[in-house]
Each structure stands twice: as C-alpha cells, then as structure tokens.
1. Please enumerate the residues belonging to the stretch A:48-76 that are near DNA strand D (Cβ under 9 Å from one of its atoms) and surrounded by fewer than 18 Cβ atoms within 10 Å (Cβ to Cβ).
2. Identify, by number, the condition in (1) assigned to a helix (DSSP H, G or I); (2) touching a residue at least 40 places away in the same chain (Cβ under 8 Å) that A:Leu154 doesn't meet.
3. A:Asp79 is checked against (1) more than 16 Å from DNA strand C (Cβ to nearest atom); (2) open to solvent by 30 Å² or more (accessible area, probe 1.4 Å); (3) touching a residue at least 24 places away in the same chain (Cβ under 8 Å); (4) not assigned by TED's automatic domain parsing to the domain that holds A:Lys159 and fails just one. What number does that condition carry?
4. Name the residue that is surrounded by the fewest Cβ atoms within 10 Å (Cβ to Cβ), counting only residues in the stretch B:238-253 that are more than 10 Å from chain A (Cβ to nearest Cβ) and among the hydrophobic types (A, V, I, L, M, F, W, C).
5. For the condition within 10 Å of DNA strand C (Cβ to nearest atom) and without any contact (Cβ under 8 Å) to a residue 12 or more places away in the chain, what is the one hit in A:Arg23, A:Arg31, A:Arg100, A:Arg73?
6. So which of A:Glu114, A:Glu24, A:Glu17 is open to solvent by less than 80 Å² (accessible area, probe 1.4 Å) and over 21 Å from the mean Cα position of the chain (by Cα)?
7. Going by the structure shown, is B:Val170 part of a helix (DSSP H, G or I), over 17 Å from A:Val11 (Cα atoms) and open to solvent by less than 30 Å² (accessible area, probe 1.4 Å)?
8. Looking at B:Ala209 and the list (1) of a type in the set (A, V, I, L, M, F, W, C); (2) under 26 Å from the mean Cα position of the chain (by Cα); (3) open to solvent by 70 Å² or more (accessible area, probe 1.4 Å), which single condition is not satisfied?
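The values are calculated or read from the model by the stated rules, or taken from the named source; none is laboratory data. Note that the structure is a prediction, hence the values are computed from the model and not measured. Neighbour counts run over all protein chains shown; Cβ positions are idealised from the backbone, glycine included. The protein model used for the area step is the full one, side chains on, heavy atoms only, and it has no ligands, DNA or RNA in it. Shrake-Rupley method; radii C 1.70, N 1.55, O 1.52, S 1.80 Å.
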Number of protein chains: 2
Amino acid sequence: MAAKTDDSGPVLPPAIESAWGLRERPPKGPRPGMSVPTIVDAAVRVADADGLAAVSMSRVAKELGAATMALYRYVGSKDELLMLMVDSGYGPSLGPPGPRDDWRTGLTRWAWAEHEVLRRRSWLLHVPISGPPITPQQLGWMEDGLRCLDGTALGENEKMSVLLLITGYVRNEATLTSQIAEGSRAAGVEPAEMMPGYARLVGRLIDPARFPALHRVLSAGVLSQDDHPDDEFAFGLDRILDGVEALIQRRAG
Amino acid sequence: MAAKTDDSGPVLPPAIESAWGLRERPPKGPRPGMSVPTIVDAAVRVADADGLAAVSMSRVAKELGAATMALYRYVGSKDELLMLMVDSGYGPSLGPPGPRDDWRTGLTRWAWAEHEVLRRRSWLLHVPISGPPITPQQLGWMEDGLRCLDGTALGENEKMSVLLLITGYVRNEATLTSQIAEGSRAAGVEPAEMMPGYARLVGRLIDPARFPALHRVLSAGVLSQDDHPDDEFAFGLDRILDGVEALIQRRAG
DNA sequence: TTCTTTCTGCGTATGCCATACGCTGTTATG
DNA sequence: CATAACAGCGTATGGCATACGCAGAAAGAA
C-alpha cells in the first residue's frame, strides 16, 4: 500500500522489466544458467544467420545448448522474445545531434542510421510490431529523433508526427528493397534481374487499353533500369523533409 | 515453339492465372465443386470475422463444408491464397480521377480510398507481402494512381516513387491506428485509454535526465489527448503532398 | 545440522498448423 | 464402354508454441 509510487497502470512483463535494469536476482534457488540477454543474443544470432523464420524457441535453445522449455524461465512467450530481439537488433541509438547541426541535418543522419540498420538486419522488418516502443534502446532512438527537432517551433505532437512519418518511410523503403533481395534469393535469380522480370511479367498480363498509364510506365523501361537504391532512398527522404520544412517555416513565421 | 509469344520469363501459379481470367476448365474429369473465387471469398469472410490469425486452411475449408485438402486442388499454397485474399480484400479500384481534377485532388481521393479499405479490413495490414503486385485489382489501384499524375511533368519513375511514397504512408498510418485498436481489445481497455496508459508507462520507466526530449513530450500530455485520427492522417498526407508539389513545380519550371 | 522454501532446468504431452501422398470415384472423350 | 484426366479428401508427417509438473539445487530458518 505504501511502498512504491506505482500509479498502477499497465504491468510490464518480467523480461521487459529486466531490460530496464529493474528486477534483481531472487535470494533463493539455484544459480541461473543463462540470462535474458544471453537468450536474446542467441536469437539475434539465429536471425542474422538464417532469417526470422528460423527463429523458433527450440532453435534458440539449441544454440544455447539448453532445452526448449528452459527458455520460458526467462521470457514469457515468443512474442516477448521478439520484442527484445528488436530492441537488441536496432542497437544503441546514435546519440543526440551535434550542437551545430540544424534539424534537417540531424534528421537526415537519424533516418540514414535506421536505414543502415534495416539494410544489415532485414529480419527486423518481418517482426510483427504490436504497439508503440517500450524498450530502452527503442525509446533511445525516439529520444534522439526528438532532440533533432529541439530548436524548431513545432508543437510536441507535431514533432512526434514528423518522427513517425520519417521512420515509417525508412521502414517502407527498406521493405521494398529487402523484398527484391529475398525474392531473388528465393527464385534463384540475380537481384538486378528481379525488376526487369517483373516488368516483363506485368507487360504480358495487362491489356494496354485497360491499363494505359501502367503500360506507359513499362514502356518507359522504368522498372527495368537499376537506379542505385540509395539514391532512391535519399530522393524520397528529401521529398518528405521538404514537406516538414514547409511546416516548420509556417510555424516559425 | 510457335504457339504463344510467351517470352518465357517467370511463371505464374495457376490460381493467379485464373484471377486474370486465363486458364479454362479442363475438358475431362468431374465437375469442380468449388472455384478459386469461392475459396477466396470464404477466406476473406473468415478474416473479416475473426482476423487473419483465424485464417487456416482447415478453417476456410470448414467454412465451405469441404475437407482441408480439397482446397489444394485450387490454390497451390496458403501464401497463394493470401495473395488472392489481398487482391479481393482491396476490392476494385475507384476508377480514374475526374477529368477536371488536378493531381492533388486525385491523389488525395486515392489515398483516402485506401485508408478507408484498411480501416474496414485491418487484417490486410497483417498479410506478409512478398513482392510487387501481380494481381488484377492491385494493379488496377496502381493504374488509378498513375492516372492522377498524368498531366504532370514528372518522369515515369518519379510517378511510381510518388505512389509508393503515398501508399506506404497510408499503410503506416493505418498500422498505427489498428495497433491501438487491437491492443485495446487484447488488454480489455477502452481504445481512448490506450495512449494515456502508454504515456504513464513510459513516464514511469524513463529517467528524465537521460530522456529529456521524450520527457517533455510526455509532460505536454501529447500522447494522452485524443486527436481525431482522421485529422492526423490528413495532416501527414498534406505534408507528403507538399513535398510532391515542390517536386512537380520544379519539374514544370 | 537438517528442514523448508523457492527457484532452475527440462521431459512430456497437447493441440495447432501446412502440406505431401495416394486412393476412390467422376466425367467426357475416344 | 474403356480410358485419360481430373476432383475430393483420408491419412500421415514434421513442425510449432506452450501448459504442466517433477527433480534437484541453493539459501535461509530451525
């Protein structure tokens, strides 16, 4: 009744609490043979090596030389493990922007950092996200993004909207390129041949009379040429930041 | 060797070919008791009623009064069924924009149409997408989007980028609101209480010294107030279209 | 010391899932 | 009326997450 200023509210699963450094080792009982971070690291190792689909409780346990059910002493469910994998997979945030950087420089750096993480660990895109972030490093990334907008005249809600907009864009773009990579691996085709193959397929399927605009796109050979995907990313990002800039100007004026 | 101008290229699964109206009924053998559309409709009915997780081959078969394995005479795999479910779930596209509409009016209408579909059928967001669209109605939506940009000076590749940008935004925004809805249902909480609960939780977890910007957001009560989510959507959409407008102006000038 | 509590590790079992395989019966054509 | 080509589907396989409860370890209480 008197102990903690708990405020009640939603209760965090034990494994997540341990990610926040709360929760000490219980006084009795045998010494734990593993720990939440050990398990999460093993799971990340599996995902890095063989993709998210290979991450099963039994596979992670095997990676640790333990039995499947032993893991459940540390994580409440596979979903919980996935949440912790995301937190660990993103890694620590970059830290706040340099003091001389304007918001656009900062957010550009921020977006590229996430872009890079998702390029290296595309399995992060396949983890079903079930809600807003509650893990320490995830919130660290959010903090960094907010810091970039510190000097602007945006309202706090607008800052959040801007971050959501950008992170959403980064994830979408990463999803598209990872789909090409994974599709080419599955079909045993060169990645550079994926989009041309797709263009030929669609061209064979559609009637130019019913899909004139699409037919024009195909005829232009747009899907067949290989723009460097990083240029494509930078292009779209600048489009979005232009929109943000317009908003910031208006709020400042 | 001489028959069709086939061009070879990737081969389409039979069920997808049937969605394009290719593929006639074979001359011999018993009359089929069902059809690809029947199965897809049943699957969509299950998803509408109980969510995507409830869509299993056996559940869909039960819906049709058939045995599980009977479905495999019509669809090659569950993934194929999912692809067809997406095509059917989106429904037919709106059709091209009115002849007097400018690109911005057209794309706004286009984005809101997808927004509405995803609001009604949030399970569409949970279907893992494995590549660019190859089904008729999906390509119909793409055609409509391209038509909106017909009068502009954008290159064909830029038109595609713009559509990808917008559809990505629509899906992201829909994902966020659907997460709130699903989370509240899972936790047995009023939807309006979700974000305030989240804000309290994060406030309890973070150290204001290490997360100053985030702390400021929480103090502003931003996450607690219930902006009408449609306003939020419209706001972000306008931000993106501002960016597009800047691009179109530059190309026109 | 010995007993008790509380924990860890994990073997077993349950119930779900997608789907490979092969049998039975149907249909239209030769 | 024989036969080829197909539809329906029963059965079996191998995967999965995870509920449950037991055996033994550690640390405090007696």
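1. Applying the first criterion (near DNA strand D (Cβ under 9 Å from one of its atoms)) to the stretch A:48-76 yields A:53-61, A:68-69, A:71-73, A:75-76.
Correct list: A:Ala53, A:Ala54, A:Ser56, A:Ser58, A:Arg59, A:Thr68, A:Met69, A:Tyr72, A:Arg73, A:Gly76.
2. All conditions pass for A:Leu154, except number (1).
3. Single failed check for A:Asp79: (1).
4. B:Ala252
5. On the way: A:Arg23 fails: within 10 Å of DNA strand C (Cβ to nearest atom); A:Arg100 fails: within 10 Å of DNA strand C (Cβ to nearest atom); A:Arg73 fails: without any contact (Cβ under 8 Å) to a residue 12 or more places away in the chain.
It is A:Arg31.
6. Working: A:Glu114 fails: over 21 Å from the mean Cα position of the chain (by Cα); A:Glu24 fails: open to solvent by less than 80 Å² (accessible area, probe 1.4 Å).
Unique residue meeting the criteria: A:Glu17.
7. Details: part of a helix (DSSP H, G or I): yes; over 17 Å from A:Val11 (Cα atoms): yes; open to solvent by less than 30 Å² (accessible area, probe 1.4 Å): yes.
When the stated conditions are applied, B:Val170 passes them.
8. (2)
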